[in-house]
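Read the structure below first, then the notes.
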Amino acid sequence: MKKSLIIFATLITGLLTAQNVKPIYEKADNNTIKGTFYHENGKVQQQGFYKDGKLHGEWISYNAEGEKIAKGTYDKGIKVGTWFFYDGSNLSEISYNDNKIASVKTWKENSNVVANFRK
């Protein structure tokens, strides 16, 4: 029983002290701050910019394997223009107007549009 408690305590201590990957914030051009967020495995989860405390400019998201899964642009915290979302087999193009979805298109894995997005 004593050995079990020691092993359990060791495991819990290891879990509590596991490395937590903190985001990195860097000063960028045009009075913006670049934010980089990480998955627990250390790979980049999201990268983008802030201006005046709001999401601003291009943001890109990646899965835990480092593959791009989303890309879009914010203007003062509002989604603008065309965003792309990749789910592993389909690519969805979503156009925003006044922070609302204006249109949606979807492409299958074997299209040139998907290949270009994944680069």
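The values are calculated or read from the model by the stated rules, or taken from the named source; none is laboratory data. What you are looking at is a predicted structure, and each value in this text was computed from that prediction instead of being measured. Glycine also receives a Cβ, built like all others from the backbone with ideal geometry; neighbour counts cover every protein chain displayed. All accessible areas refer to the heavy atoms of the entire protein, side chains included, with ligands and DNA or RNA removed. Shrake-Rupley method; radii C 1.70, N 1.55, O 1.52, S 1.80 Å.
Residues to consider are Asn90, Asn97; find the one that is open to solvent by 60 Å² or more (accessible area, probe 1.4 Å) and either at pLDDT below 95 or in contact with a helix residue (DSSP H, G or I) (Cβ under 9 Å, 6 or more places away or on another chain) (or both). Can you show your working first?
Working: Asn90 fails: open to solvent by 60 Å² or more (accessible area, probe 1.4 Å).
Of the residues listed, the single one that is open to solvent by 60 Å² or more (accessible area, probe 1.4 Å) and either at pLDDT below 95 or in contact with a helix residue (DSSP H, G or I) (Cβ under 9 Å, 6 or more places away or on another chain) (or both) is Asn97.
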Looking at region 62-73, which of its residues are more than 12 Å from Asp87 (Cα to Cα), open to solvent by 40 Å² or more (accessible area, probe 1.4 Å) and either β-branched (Val, Ile, Thr) or part of a strand (DSSP E or B) (or both)? Lys71, Thr73
Quick check, is Lys108 touching a residue at least 12 places away in the same chain (Cβ under 8 Å), in contact with a helix residue (DSSP H, G or I) (Cβ under 9 Å, 6 or more places away or on another chain), within 22 Å of Lys119 (Cα to Cα) and surrounded by fewer than 16 Cβ atoms within 10 Å (Cβ to Cβ)? yes
Being open to solvent by 100 Å² or more (accessible area, probe 1.4 Å) and at pLDDT below 95 is true for just one of Ile7, Ile12. Which residue is that? Ile7
Only strands (runs of 3 or more DSSP E) wholly contained in region 77-119 count here; list those with 3 or more residues that are β-branched (Val, Ile, Thr) and either in contact with a Gly (Cβ under 6 Å, 6 or more places away or on another chain) or farther than 20 Å from Glu58 by Cα (or both). none
Hey, Asp52 hits all of (1) open to solvent by 50 Å² or more (accessible area, probe 1.4 Å); (2) touching a strand residue (DSSP E or B) at 6+ places or on another chain (Cβ under 9 Å); (3) of a type outside the set (A, V, I, L, M); (4) touching a residue at least 24 places away in the same chain (Cβ under 8 Å) but one; which does it fall short on? (2)
For Phe49, work out the one condition from (1) modelled with pLDDT of 95 or more; (2) out of contact with any Phe, Trp or Tyr (no Cβ under 8 Å at 6 or more places or on another chain) it doesn't fulfil. (2)
So which residues in region 27-61 are not aliphatic (A, V, I, L, M) and not in a strand (DSSP E or B), if there are any at all? Asp29, Asn30, Asn31, Thr32, His39, Glu40, Asn41, Gly42, Lys43, Asp52, Gly53, His56
